[in-house]
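Here is the structure we will look at.
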Amino acid sequence: KENDRSMLIVEDDANFAKLLFVIAREKGFKCLLAEDGEAGLQLANQYKPSAMILDVGLPRMNGWTVMGHLKNNPETRHIPVYFISGHDTRMKALQMGAIGFLGKPVTLDGLNHAFDRINKMLSRESKNY
């Protein structure tokens, strides 16, 4: 529904995607999952999620390309994106407009911090309306 807090998780590691899905649900998000960049971009354009968790190393279209498309589209550029990657590309992620970056392997504390950051960002945005 339009006012639901939704999370799009774009991650090709099925086990890690399931973990992110469970945590997102515990944090009050309705979730969508995509296993590759093309599907992730399509879901972002179709559903306009409240926030996204985006892996960099994705099949069919990498996370950088997905982020470029998101930020160049007026209908999706406002979506807060949190990158998670096995490569230390924090600066590139932040320069592209990500609200945060988490390196793999991740810890539960790191994931909780990421979701807390996303929630703070969404709370701030809802106060602006």
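Set the Förster distance to 41 Å, then compute FRET efficiency between Asp116 and Arg60 from the Cβ-Cβ distance, nearest 0.05. Don't jump to the answer; show the numbers that get you there.
Values: r = 31 Å, r/R0 = 0.75.
My answer for the efficiency is 0.85.
First measure r as the distance between the Cβ atoms of Glu26 and Arg124, then evaluate 1/(1 + (r/R0)^6) with R0 = 25 Å and state the FRET efficiency to the nearest 0.05. Kindly include the intermediate steps, with their values, before the conclusion.
On the way: r = 21 Å, r/R0 = 0.86.
That pair, Glu26 with Arg124, gives E of 0.70.
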| task | Can you run the Rg to Rh ratio on the chain? Use alpha carbon positions and the Kirkwood inverse-distance Rh. | result | 0.92
| remark: Label model pair His87, Asn73: point-to-point distance (7 angstrom along the Cα→beta-carbon line) in nm is 2.3 nm
| note | Under 13 Å by backbone N from the virtual spin label 7 Å along Cα-to-Cβ at Gln95, the residues of region 51-89 are 89
| query | With every protein chain left in place, what is the accessible area of Ile79 in Å² (1.4 Å probe, nearest 10)? | reply | 0 Å²
| task | Can you tell me how much longer the chain between Asp109 and Gln46 gets when fully stretched, taken as 0.36 nm per residue apart minus their C-alpha distance, in nm with one decimal? | result | 19.5 nm
| Using Cα-only point scatterers and the Debye equation, what is log10 of I(q)/I(0) for region 12-53 at each q in 0.14, 0.30, 0.31 Å⁻¹, rounded to two decimals? | -0.30, -1.15, -1.18
| said: Restricting to DSSP H runs of at least four residues, report the calculated mean residue ellipticity at 222 nm for the chain, -39500 (n - 2.57) per run over all residues, nearest 500 deg cm²/dmol. | reply: -14000 deg cm²/dmol
| Under 18 Å Cα-Cα from Lys104, which lysines qualify once same-chain neighbours fewer than 8 residues away are excluded? | Lys18, Lys92
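The values are calculated or read from the model by the stated rules, or taken from the named source; none is laboratory data. Not measured: the values here are computed from a predicted model. Glycine gets a Cβ as well: all are built from the backbone with ideal geometry, and neighbour counts include every protein chain shown. What goes into the accessible areas is simple: the full protein's heavy atoms, side chains included, and nothing from ligands, DNA or RNA. Shrake-Rupley method; radii C 1.70, N 1.55, O 1.52, S 1.80 Å.
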